[in-house]
Amino acid sequence: MSLILTNCKIFTAQETLTDHSIVIKNGKICEITRDDITTENHEIIDLKGQLVAPGFIDTQVNGGAGCLFNNAPTVDSIVKIANAHRKFGTTSLLPTLISDDTDTTEKAIQAAKQAHKQAVPGFIGIHLEGPYLNISRKGVHCETKITSPSKHSLALFKQISQIGSSMVTLAPEIADTQFIKALADEGIKVSIGHSNASYECTKQALQAGVSGFTHLFNAMSSLTSRDPGVAGCALEDPHSWCGVIVDGHHVHDTNLAFALKLKPKGKVMLVTDAMHTVGQHGAKFDLAGTEIYRSNGKVTTADGTLAGSDLTMIDAVKNTISRLNIDQEEALRMASLYPAQFLQQDHQLGRIAPGYRANLVLLDTELNVLDTWIDGVADNQSP
Ligand SMILES: [Zn+2]
């Protein structure tokens, strides 16, 4: 049976079409047409003129709905986190484990393997953010969990190459170019973050296979007079992608505007770096034994250190439009097409086109999320 979404505006990632319908079969988009549909066996949904866009892809999500992946690295957590973010337009995400011990990392990898096998809706891979980071740029990561690679680290991390599109955030001054190359050769996306590396060290890491920068400007060496640092190298390099947290708290809008001017179009993508607070009420939460507090769209420890974000993807899109003066279509691409390209999934995600997975978000004129589809299944029809 086909599903036909009709009477909608369609932002394909390239252009916005009106008076077209999307025909979906077996979870994939098979046609975008303005003709009358002639197939007999189909269900038609009238979208009342609202906008359909490619579902959002978030490469950095620590938690949601009260569930923090580090606290409970299980398939059940992955399901809860994916469902929580789906309400805000995310149809693909990478649950993100911040620096933790080997046992917890192993559990998270096993949970991700299982989620991949079960095809948990919304799950497309795992992100290991640490523990091979620089303590001097630890942010909210626990100092005692940050370490250097051991002889077992590569085998542990290489397992994630079997799990969809997965990524690792590391500091190249801690995990060397051989380590980076070994991961990149397995198809794992390697991103620099929580790093105090020099410009030269960052350059070498790019040559070894690094293709991304994690939460650009946050927890990395900045551009200074005699060393462009990680941030300067990220801005200079035309090939890599930068994840940015556009919540008005993590980065000054002017710095984000610089990044958008300096990087080629398509190389800056939105991430939430969301904590378990997203999709949950309350003002005080636990982060691996540390109390964290939510107020005014921020999540911080008692001393004011930002502890991930309270951001949703749709709010990141809205902030990009309102704070950075980016047009709506480009902001939507930053939340879908560009992360798909970073993950090398842009042959099946990030666009509304024949052959693509029917991962879609339905938005009203104020960009409120009305519904999502993952592989052609609407949120309200999901089990
Ligand atoms: Zn981080």
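The values are calculated or read from the model by the stated rules, or taken from the named source; none is laboratory data. Computed from a predicted model, the values in this text were never measured in an experiment. Please note: Cβ atoms are built from the backbone with ideal geometry, for glycine as well, and neighbour counts cover all protein chains shown.
Suppose we filter Gly122, Gly66 for residues that are in the same structural domain as Val190 (by TED's automatic domain parsing), away from the ligand (no atom under 16 Å from the Cβ) and buried (at least 21 other Cβ atoms within 10 Å of the Cβ); which single one remains?
Numbers: Gly66 fails: buried (at least 21 other Cβ atoms within 10 Å of the Cβ).
Being in the same structural domain as Val190 (by TED's automatic domain parsing), away from the ligand (no atom under 16 Å from the Cβ) and buried (at least 21 other Cβ atoms within 10 Å of the Cβ) holds for just one of Gly122, Gly66, which is Gly122.
Could you name every one of the strands (runs of 3 or more DSSP E) located completely within the range 157-244 that has at least 2 residues being in the same structural domain as Gln110 (by TED's automatic domain parsing) and in contact (Cβ under 8 Å) with a residue 60 or more places away in the chain?
Working: elements: 167-170, 189-192, 210-213, 241-244.
Qualifying strands (runs of 3 or more DSSP E): 210-213, 241-244.
Being over 13 Å from Phe56 (Cβ atoms), assigned to a loop (DSSP other than H, G, I, E, B) and out of contact with any Asp or Glu (no Cβ under 9 Å at 6 or more places or on another chain), is that true of even one residue in the range 258-273? Write out each step before concluding.
Narrowing the range 258-273 to residues over 13 Å from Phe56 (Cβ atoms): 258-268, 273.
Remaining after also requiring assigned to a loop (DSSP other than H, G, I, E, B): 263-267, 273.
Checking the rest, the ones that are also out of contact with any Asp or Glu (no Cβ under 9 Å at 6 or more places or on another chain) come to 264, 266.
Yes, the conditions are met somewhere in the range 258-273.
Which one of Glu143, Glu129 is under 28 Å from Ala283 (Cα atoms), within 16 Å of the ligand (Cβ to nearest atom), out of contact with any Gly (no Cβ under 9 Å at 6 or more places or on another chain) and not basic (Lys, Arg)?
Working: Glu129 fails: out of contact with any Gly (no Cβ under 9 Å at 6 or more places or on another chain).
Of Glu143, Glu129, the one residue that is under 28 Å from Ala283 (Cα atoms), within 16 Å of the ligand (Cβ to nearest atom), out of contact with any Gly (no Cβ under 9 Å at 6 or more places or on another chain) and not basic (Lys, Arg) is Glu143.
Could you please find all residues in the range 328-370 being out of contact with any Ser or Thr (no Cβ under 8 Å at 6 or more places or on another chain) and at positive phi?
Gly355, Leu367
Among the residues of the range 209-223, which ones are among the hydrophobic types (A, V, I, L, M, F, W, C), away from the ligand (no atom under 12 Å from the Cβ) and in contact with a strand residue (DSSP E or B) (Cβ under 8 Å, 6 or more places away or on another chain)? Quick ask: steps written out before the conclusion?
In the first step, residues of the range 209-223 are kept if they are among the hydrophobic types (A, V, I, L, M, F, W, C); the result is 210, 213, 216-217, 219-220, 223.
After this cut, where a residue has to be away from the ligand (no atom under 12 Å from the Cβ) as well, the list is 210, 223.
Of everything in the range 209-223, just one residue is among the hydrophobic types (A, V, I, L, M, F, W, C), away from the ligand (no atom under 12 Å from the Cβ) and in contact with a strand residue (DSSP E or B) (Cβ under 8 Å, 6 or more places away or on another chain), namely Val210.
Which residues, counting only those in the range 224-236, are away from the ligand (no atom under 16 Å from the Cβ) and not small (Gly, Ala, Ser)? Let's see the steps before the verdict.
Taking the range 224-236 first, the residues away from the ligand (no atom under 16 Å from the Cβ) are 224-229, 232-233, 235-236.
Those that are away from the ligand (no atom under 16 Å from the Cβ) and not small (Gly, Ala, Ser): Thr224, Arg226, Asp227, Pro228, Cys233, Leu235, Glu236.
Applying the selection to the range 259-304, what residues are away from the ligand (no atom under 16 Å from the Cβ) and touching a Leu at 6+ places or on another chain (Cβ under 7 Å)?
The first filter runs over the range 259-304 and keeps only residues away from the ligand (no atom under 16 Å from the Cβ), leaving 259-268, 279-286, 289, 291, 293-297, 302-304.
Passing the criteria: Ala259, Leu260, Leu262, Lys263, Val268.
Would you say Ser211 is in contact with a Phe, Trp or Tyr (Cβ under 7 Å, 6 or more places away or on another chain), at pLDDT 95 or above and among the polar types (S, T, N, Q)? Can you show your working first?
Values: in contact with a Phe, Trp or Tyr (Cβ under 7 Å, 6 or more places away or on another chain): yes; at pLDDT 95 or above: yes; among the polar types (S, T, N, Q): yes.
Taking the combined requirement at face value, the residue satisfies it.
Which ranges mark the strands (runs of 3 or more DSSP E) fully within the range 10-129 that have 1 or more residues being within 30 Å of Thr290 (Cβ to Cβ) and modelled with pLDDT of 95 or more?
Working: elements: 16-25, 28-33, 42-46, 51-54, 56-61, 90-98, 127-129.
Counting at least 1 such residues, we get 56-61, 90-98, 127-129.
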